[in-house]
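The values are calculated or read from the model by the stated rules, or taken from the named source; none is laboratory data. Computed from a predicted model, the values in this text were never measured in an experiment. All Cβ positions, even for glycine, are placed from backbone atoms using ideal geometry, and neighbour counts span all protein chains on display. All accessible areas refer to the heavy atoms of the entire protein, side chains included, with ligands and DNA or RNA removed. Shrake-Rupley method; radii C 1.70, N 1.55, O 1.52, S 1.80 Å.
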Amino acid sequence: MYLGRIVSAGMNDEGNPFVAYRVSSRSFPNRMAKSFEDKAAIIPKEGYETDIFENAYIAYNCVKIVDEIAIVSNGSHTDVIADKISVGMNIKDGLTLSFLAMDYEKDDYNTPRIAAVVKSDTDEDNYEGYIGIVTDKKILVEEIKYGEAVFISTYECQSPEKVVFTANDSKSAAKLILNEGEFEQFTNPVASVGSVFDKGWKMESINL
């Protein structure tokens, strides 16, 4: 089954907050994930830089950390959500307002925007997470309940679905969403990013 881009977030089976992202692509597979200290990006592979002139949506920051809050998405709305949170907006409103402002991507496929935001706190009273999507037909933002992990995708799984996220470190998180566990059945993987909170958000990326 082809899901396109996939966002997963929440808490892993050890109770640690995580975010993970996977690029699956049929039209623009020549891309890679690149990790930095407080963010990760999807960019064209060397030799395919001109692909951005065919589709401006294929390069973007997919993960960003703001005040120990992790934002993960399939497009430039990562930065918009991060900006809203950095000036004090709460997670739910920052996510929802960014979806309203940016809408779905105006490419040949009306690609939905998907995103999740997770707070690093493991205390149930302080933990917070939300996940959502905006398509050409709907906007949906839902709470990620304490202790749970969910995923959402641009195609097919356009509402949050529960998943048992067994990865306990950032590298394992990137591997899991790329082609392991429940995610193995989904086709056309290209690259992934994972981050499990452990005294900080460390980024790990994998490229096929």
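Remark: accessible surface ordering of 140, 208 (largest first) is 208, 140, probe radius 1.4 Å. Averaged over its residues, the chain has an accessible area of 45 Å² per residue, based on protein heavy atoms and a 1.4 Å probe.
Taking every Cα-Cα distance in the chain and sorting them into 5 Å bins starting at zero, the pair-distance distribution P(r) comes out as 1, 8, 18, 23, 22, 17, 8, 2, 0, 0 percent.
Placing unit charges on each Cβ (+1 for Lys and Arg, -1 for Asp and Glu) gives the chain a dipole about its Cα centre, and among 133, 4, 166 the Cα reaching farthest toward its positive end belongs to 4. As a calculated quantity, the FRET efficiency between residue 13 and residue 53 at R0 = 35 Å, using C-beta atoms, amounts to about 0.25. Exceedance of the 27 Å cut-off in Cα-Cα distance is limited, within the set 45/171; 106/175; 92/138; 34/106; 84/202, to 106/175.
Between residue 26 and residue 199, the FRET efficiency from the beta-carbon distance, with R0 = 45 Å, is close to 0.70.
For the chain, calculate the relative contact order in percent as a whole number, restricting contacts to Cα pairs under 8 Å that are 6 or more residues apart.
On the way: 539 pairs, mean separation 60.5, N = 208.
So the answer I get is 29 percent.
Note on the stretch 5-207: with charges restricted to the Cβ of Lys and Arg (+1) and Asp and Glu (-1), its dipole about the Cα centre is near 460 debye. Check residue 113: other-chain or 5+ apart residues with amide H under 5 Å from its amide H, H built from backbone geometry? Amide H neighbours of residue 113: 105, 134. Spin-label model, residue 97 to residue 138: label points 7 Å out along the Cα-to-beta-carbon direction sit 2.5 nm apart.
How much FRET efficiency would the formula 1/(1 + (r/R0)^6) give for residue 2 and residue 87, where r is the Cβ-Cβ distance and R0 is 45 Å, rounded to 0.05? Show your work: numbers first, answer last.
Details: r = 37 Å, r/R0 = 0.83.
Once rounded, the FRET efficiency stands at 0.75.
Shown for the chain are the DSSP H helices of 15 Å or more along their axis, judged by Cα atoms, with a mean Kyte-Doolittle hydropathy of at least -1.0: 91-102. The region of the chain that goes longest without hitting one of the GluC sites (Glu not before Pro) in a DSSP loop, each with at most 16 other Cβ atoms within 10 Å, is 69-123. Residues considered: 116, 20, 167. Largest GNM mean-square fluctuation over the chain, using C-alpha springs under 10 Å, is found at 167. Loop-located trypsin sites (Lys or Arg not before Pro) across the stretch 145-188 with a Cβ neighbour count of 15 or fewer within 10 Å are 145, with loop assigned by DSSP. 3J(HN,Hα) along the stretch 156-162: 6, 9, 9, 10, x, 10, 5 Hz, from the Karplus curve 6.51 cos²θ - 1.76 cosθ + 1.60 with θ = phi - 60°, whole Hz, x for Gly and Pro.
Leaving ligands, DNA and RNA out of it, report the carbon-plus-sulfur percent of the accessible area of the stretch 5-207 at a 1.4 Å probe. Display every interim value, and only then the final one.
Details: 3930 of 9090 Å².
After summing per-atom areas, the C and S share lands at 43 percent.
Eigen-decomposition of the gyration tensor built on the alpha-carbon atoms of the stretch 1-74 gives equivalent ellipsoid semi-axes of 25, 15, 9 angstrom, largest listed first.
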